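Asks: My questions all concern the structure below.
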Amino acid sequence: MNGRRVLAITRRLLQQFRRDRRTLALLFVAPLVILALLGYLLRGGGSSPAVGVVNEDSGPVGGAVATQLLKSSKVSASQMDRPTADDGLRAGTLAGYVLFPADFSLRARQGVIAPEIHLEGTQPGPAAAVVGAVTGALQGALASSGTRVAPKVFYLHGGPNLDSLDYLGAALIGLIVFFLVFIVTSVSFLRERTQGTLERLMATPLRRGEIVIGYMLGFGLVALVQSVLVLLFTLYVLHIHNQGGVGLIFVLVALLAVGAVNLGIFLSVFARTEFQAVQFIPLVIAPQVLLSGIFFPVTSEPVPLQYLSNVLPLTYAVYGLREVMLKGSDLSTTALQVDLLVGLAFAALVIALAAATLRRRVA
């Protein structure tokens, strides 16, 4: 083995890295940005889950526990009547509410503490925070009473039998389709450019519009087939919980897939190699994984990150899929209508950008 030749190869490789600023940024800057974003997300002091406190008890025990709960740092509790709390639960503005019934103090004197905890139920994190805050308030108010605590928990959506995959399944469907379709499209379309296929097509009688639509339909059909397979496997093999219509789920996933296809076509113009196309993952995919509400509720994020989350297309796909699969929403639901309109607008926007990019590069 000749050490000089080995060092020559090493030096040539390092020189290539030195000239490729995009790769250097991917290696040394992107990890720091992602870690900083994750750190700010976890330690940035986001808002606590909103909780309603409904005290119908005229005795001292209900008031004492309610006071402890209103002081809790785990949740953002506010006093309200039951109709307001029910409306907040259905609208999703409350993670839950606790009800102290009229006989709460009387039953406490008999040795039983039985508050009612009503949970929205679509996200286990906020639900656990609500139950923990109520338990802490009960312990704080009744530390020395020796009374048996037996809260009754009710779920508006979901329930105690749902596991983590049931809660995450809806969001993971959107993430898997978006990620894979974007990567495959961006790399495949870049290959079409680098191999000169587009230039040869322009030399034929084909019009630019026909080329644009043909590519979009080709990649789009492959993406739709993939979406169908992912959806069927998720629902009928993994048996993820679903309360809504399969057709609505497919529409949401299809809009996301069409958007990912055209986003891949658009961004491929900024890459010269397949390796550079893959470098868009930390820029396009990673922020959406962290900020779209898949693992962390958007409402628990620091306020500046909530503004960013609310412009990400994957956020609305996750919202829509959870509306259908966990809540059983249909087209009459305003929230689902908004999610569908945002998905349609995103798809239309990136189609226009992809078409403009294709015309500019092949002209």
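Asks: Inside the stretch 243-254, can you point out the residues that are crowded, with 19+ Cβ neighbours inside 10 Å and either of a type outside the set (A, V, I, L, M) or within 17 Å of the chain's Cα centre (by Cα) (or both)?
Replies: GLY244, ILE249, LEU252, VAL253, ALA254
Asks: Let me ask something else. Could you count how many residues in the stretch 105-121 are surrounded by 15 or more Cβ atoms within 10 Å (Cβ to Cβ) and either modelled with pLDDT of 85 or more or in contact with a strand residue (DSSP E or B) (Cβ under 8 Å, 6 or more places away or on another chain) (or both)?
Replies: 10
Asks: Count, please, the residues in the stretch 22-51 that happen to be surrounded by 10 or more Cβ atoms within 10 Å (Cβ to Cβ) and more than 30 Å from VAL131 (Cβ to Cβ).
Replies: Result for the stretch 22-51: 13.
The rows are residues; the columns are (1) under 28 Å from SER73 (Cα atoms); (2) of a type in the set (D, E, K, R); (3) surrounded by fewer than 22 Cβ atoms within 10 Å (Cβ to Cβ).
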{"site": "ASN262", "(1), (2), (3)": "no, no, no"}
{"site": "THR273", "(1), (2), (3)": "no, no, yes"}
{"site": "PRO297", "(1), (2), (3)": "yes, no, yes"}
{"site": "LEU314", "(1), (2), (3)": "no, no, no"}
{"site": "ASP330", "(1), (2), (3)": "no, yes, yes"}
{"site": "VAL338", "(1), (2), (3)": "no, no, yes"}
{"site": "VAL342", "(1), (2), (3)": "no, no, yes"}
{"site": "ALA352", "(1), (2), (3)": "no, no, yes"}
{"site": "THR357", "(1), (2), (3)": "no, no, yes"}
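Asks: Here is a check on your reading of the model: is VAL131 modelled with pLDDT of 80 or more, over 22 Å from the mean Cα position of the chain (by Cα), of a type in the set (Val, Ile, Thr) and part of a helix (DSSP H, G or I)?
Replies: So VAL131 fits the description; yes.
Asks: Residue check: is VAL251 modelled with pLDDT of 90 or more, touching a Leu at 6+ places or on another chain (Cβ under 8 Å) and at negative phi?
Replies: Spelling it out, VAL251 is indeed modelled with pLDDT of 90 or more, touching a Leu at 6+ places or on another chain (Cβ under 8 Å) and at negative phi.
Asks: On the given criteria, is PRO60 in the same structural domain as GLY140 (by TED's automatic domain parsing), more than 17 Å from VAL153 (Cα to Cα) and surrounded by fewer than 16 Cβ atoms within 10 Å (Cβ to Cβ)?
Replies: Yes.
Asks: Filter the stretch 83-99 down to residues that are under 15 Å from PRO126 (Cβ atoms) and of a type in the set (Val, Ile, Thr), then give me how many there are.
Replies: Number satisfying all stated conditions: 2.
Asks: Can you confirm whether the stretch 139-148 contains a residue that is closer than 30 Å to ALA170 by Cα and part of a helix (DSSP H, G or I)?
Replies: The answer is no; no qualifying residue exists.
Asks: Go through LEU248, LEU256 for me and flag whichever is in a helix (DSSP H, G or I) and within 18 Å of ILE183 (Cβ to Cβ).
Replies: Just one listed residue meets the conditions, LEU256.
Asks: Could I ask something else about it? From the list LEU232, LEU224, pick out the single residue that is more than 30 Å from GLY121 (Cβ to Cβ), modelled with pLDDT of 85 or more, part of a helix (DSSP H, G or I) and more than 19 Å from the chain's Cα centre (by Cα).
Replies: Just a single option satisfies the conditions, and that option is LEU224.
Asks: Only one residue in GLY52, GLY3, GLY46 is at pLDDT below 80 and either under 30 Å from GLY158 (Cα atoms) or touching a Pro at 6+ places or on another chain (Cβ under 8 Å) (or both), so which one is that?
Replies: GLY46
Asks: Just to be sure I understand the filter: pairs with C-beta atoms under 8 Å, separated by 6 or more residues or on different chains, first member in the stretch 223-246 and free of Cβ contacts under 8 Å to residues at least 24 places away in the same chain, second member in a loop (DSSP other than H, G, I, E, B) and surrounded by 14 or more Cβ atoms within 10 Å (Cβ to Cβ). Which pairs pass?
Replies: LEU235/ASN242
The values are calculated or read from the model by the stated rules, or taken from the named source; none is laboratory data. Computed from a predicted model, the values in this text were never measured in an experiment. Cβ sites come from the backbone with ideal geometry, for glycine too, and all protein chains shown count toward neighbours.
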